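Written below as structure tokens is the structure these notes are about.
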Amino acid sequence: MTFRAGFVTFVGRPNVGKSTLTNALVGEKVAITSSKPQTTRRAIRGIVHLDDGQLIIVDTPGMHRPRTLLGERLNTIVQDTLGEVDVIGLCVPANEKIGPGDKYINEQLDAFPRAKKVAIVTKIDATSRPAVAEQLQAINELREWDSIIPISSFDKVQLDVLSTELLKLLPESPALYPGGTTTDETTESRIAELIREAVLEGVMDELPHSIAVTIDDTIERDDKDLVEIYANLFVERDSQKGIIIGHQGKRLQDVGARARVEIEKLLGKQVFLSLRVKVAKEWQRDAKQLGRLGF
């Protein structure tokens, strides 16, 4: 049996379901998800193990027109990733007409002739069959694709077909990661992302971009089968700090409770989580502060 392995990335407008698709294929949460744009801020690798191959999926930030230094750096991550992968999958939701953003991203793919191009119609569970058929036709007219696959990450429809088609386009290669490995993200970075995911829930539209999370310390208490985590939530203005904390600290308590549930799933242990909200003024536009926050 021929064994294949290589790198795949999904591109598309913010909120087309790239991270959700990555998690569905990997079989566990390796990338956080949110309805807020630009949730993904790093190139996160998820590894899919198949009988005759290995897909390394690189989840990247959504392509967008940057307004800050952070935005420019996120776009650089996308461009660097596109230049290195074997397959690029353009994700377009079945329940939204193809718009200028989709066409812009499709045009950018011409700059990466080395990579195979696949069109993925996501969220087919959210609309009718005629609408899906119409979207498939519209995507077919954008360019000549190596494959076009309609899928639903939520209902896990056609994910096996997608995996098979992606694997066919990868080079022959030995496995690139040991069996059982699902991501090369550190535990600390995954914890920080789960906290940020919890913060994003329910905040106003302009606030998500201003939120960053760092981990100060992680202490394992063997005597209590407990992990103590001390984390910082950074925002850019004092007014945003008040929003995150909420009246009498209620919103911050809710954030902690939601994050703790996900972190305990990840670690398999009880978690004590301490969150502190701090202000780093205009950090998205400050190169030094971006460096301190891991960007």
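Determine whether residue 264 is at pLDDT 95 or above and either surrounded by 13 or more Cβ atoms within 10 Å (Cβ to Cβ) or not aromatic (Phe, Trp, Tyr) (or both). For residue 264, the condition - at pLDDT 95 or above and either surrounded by 13 or more Cβ atoms within 10 Å (Cβ to Cβ) or not aromatic (Phe, Trp, Tyr) (or both) - is met. Restricted to the stretch 15-72, and to residues there that are in contact with a Pro (Cβ under 8 Å, 6 or more places away or on another chain) and without any contact (Cβ under 8 Å) to a residue 24 or more places away in the chain, the residue that is surrounded by the fewest Cβ atoms within 10 Å (Cβ to Cβ) is 72.
Of the residues 195, 229, which is surrounded by 21 or more Cβ atoms within 10 Å (Cβ to Cβ), assigned by TED's automatic domain parsing to the domain that holds residue 262, part of a helix (DSSP H, G or I) and not acidic (Asp, Glu)?
Answer to the check: 195.
Filtered by the rule that a residue be part of a helix (DSSP H, G or I) and in contact (Cβ under 8 Å) with a residue 60 or more places away in the chain, the stretch 266-291 gives 266, 267, 283, 284, 285, 287, 290. In this structure, is residue 98 modelled with pLDDT of 90 or more, outside the structural domain of residue 267 (by TED's automatic domain parsing) and either surrounded by fewer than 22 Cβ atoms within 10 Å (Cβ to Cβ) or not polar (S, T, N, Q) (or both)? In short, yes. Of the residues making up the stretch 232-261, those that are part of a loop (DSSP other than H, G, I, E, B) and either of a type in the set (A, V, I, L, M) or crowded, with 20+ Cβ neighbours inside 10 Å (or both) number 1.
Among 116, 103, which is in contact with an Asp or Glu (Cβ under 9 Å, 6 or more places away or on another chain) and either within 29 Å of residue 133 (Cβ to Cβ) or modelled with pLDDT of 95 or more (or both)? Write out each step before concluding.
Details: 103 fails: in contact with an Asp or Glu (Cβ under 9 Å, 6 or more places away or on another chain).
None of the other options fit; the residue is 116.
The single condition from (1) farther than 25 Å from residue 26 by Cβ; (2) in the same structural domain as residue 265 (by TED's automatic domain parsing) that residue 201 fails is (1).
Residues in the stretch 247-276 that are within 18 Å of residue 224 (Cβ to Cβ) and among the basic types (Lys, Arg): 2 in all.
Just the residues that are in contact (Cβ under 8 Å) with a residue 24 or more places away in the chain and surrounded by 12 or more Cβ atoms within 10 Å (Cβ to Cβ), please, taken from the stretch 203-219. If the condition is that a residue be in contact (Cβ under 8 Å) with a residue 24 or more places away in the chain and surrounded by 12 or more Cβ atoms within 10 Å (Cβ to Cβ), then 203, 207, 208, 209, 210, 211, 212, 214, 215, 218 are the ones that fit. Selection of the stretch 77-125 for residues being within 24 Å of residue 173 (Cβ to Cβ), over 20 Å from the mean Cα position of the chain (by Cα) and in a loop (DSSP other than H, G, I, E, B) yields 112, 113, 114, 115.
Whenever a residue of the stretch 95-107 is farther than 17 Å from residue 82 by Cα, its partners that are part of a helix (DSSP H, G or I), lying with C-beta atoms within less than 8 angstrom and at least six residues away or across chains, give the pairs 95/126; 95/131; 97/138; 98/135; 98/138; 98/139.
The values are calculated or read from the model by the stated rules, or taken from the named source; none is laboratory data. Computed from a predicted model, the values in this text were never measured in an experiment. Note that we place each Cβ from the backbone using ideal geometry, even for glycine, and neighbour counts take in every protein chain shown.
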